[in-house]
Amino acid sequence: MSTDVASAEAESRNADPASTAAEPLLQLRGVSKHFGAVHALVDIDLDVPAGQVTALAGDNGAGKSVLIKCIAGIHSPDSGQIVWEGKQAHIRTPRDAAALGIETVHQDLALCDNLDIVQNMFLGRETVRRFMLAEDDMETAAGSTLRSLAVTSVRSVRQLVASLSGGQRQSVAIAKAVLWNSKLVVMDEPTAALGVAQTAMVLNLVRRLADRGLAVMIVSHNMNDVFQVADRVAVLRLGHLVAVRPSSEMDPQIVVDLMTTGTSTRTAEKTTAPARTTDAEG
């Protein structure tokens, strides 16, 4: 490993002052994952604080998907520790992650087109009363969750998911994650293949989650989206975490430098940072 990359990794382990004000919700310490001869993750140290959006950036093959799958319980790290709310956690399955309060919104959203919004939000976790589905309770809970997130573009919680736009589907998938008292929501490319208005709607929803005190981690290739919504940016390169900095100290070109070389000597251009999205859903 080069001296520059090693020093950048050391820098990444020093959390910024905002993240040290309170103990991070999730801490990864020395997490590594190998697939045969491929070192997908190497000695990853990362803090994910509550009430903030942490963006995970990196080129294809950098290890982003493997990292979120380790958090989600799809992969088990070969070494290292996952610390949740100050205690070591063993996340071996997605059910283990869900039990802690970790919900993942995958890129394919995992929604069923032939079911309505309520049925999708409770799929596999249906509420039962006296051996029958408690349809009214589930409908009330689904509607309440959508309203609490200011999702107003859906006509009815009994709409079939097949009738929803891309932005509405993403909103339902996020609401489904929030419904189960989650504390950390992980999103894989939440704005991929969305139009401008739909992207704005989803980014506003992401910010609302953080404003409610949830920890949010997003994986995105879109630097404009990252800098509109993220409080912190973590950059992976070839399985190594090369930087974790407040988004105010970075810009898209710095992130590209870190993704491609592991270092950057640039100073963030404050005036070029895009403005945060408003609460208008577009």
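The values are calculated or read from the model by the stated rules, or taken from the named source; none is laboratory data. Quantities reported herein were computed from a predicted structural model and do not represent experimental measurements. All Cβ positions, glycine included, derive from the backbone under ideal geometry; neighbour counts span all protein chains shown. Note: areas computed on protein heavy atoms with side chains; ligands, DNA, RNA excluded. Shrake-Rupley method; radii C 1.70, N 1.55, O 1.52, S 1.80 Å.
A few notes on this one:
- Qualifying residue in the range 79-89 (condition: open to solvent by less than 10 Å² (accessible area, probe 1.4 Å), more than 17 Å from the chain's Cα centre (by Cα) and in contact (Cβ under 8 Å) with a residue 60 or more places away in the chain): no
- Residues that are buried (at least 18 other Cβ atoms within 10 Å of the Cβ) and assigned to a helix (DSSP H, G or I), drawn from the range 201-215: MET201, VAL202, LEU203, ASN204, LEU205, VAL206, ARG207, ARG208, LEU209, ALA210
- Of the candidates VAL151, VAL196, VAL172, VAL161, the single residue that is open to solvent by less than 10 Å² (accessible area, probe 1.4 Å) and within 21 Å of the chain's Cα centre (by Cα) is VAL172.
For (1) closer than 24 Å to GLN228 by Cβ; (2) open to solvent by less than 20 Å² (accessible area, probe 1.4 Å); (3) at pLDDT 95 or above, each residue gets a yes or a no:
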residue: ASP4; (1), (2), (3): no, no, no
residue: PRO17; (1), (2), (3): yes, no, no
residue: ALA37; (1), (2), (3): no, no, no
residue: ASP43; (1), (2), (3): no, no, yes
residue: ALA55; (1), (2), (3): yes, yes, yes
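- Count of the range 175-193 residues, restricted to those that are open to solvent by less than 40 Å² (accessible area, probe 1.4 Å), in a loop (DSSP other than H, G, I, E, B) and touching a strand residue (DSSP E or B) at 6+ places or on another chain (Cβ under 7 Å), is 3.
- One residue from ILE44, ILE68, ILE74 being within 20 Å of VAL219 (Cβ to Cβ), among the hydrophobic types (A, V, I, L, M, F, W, C) and assigned to a strand (DSSP E or B): ILE44
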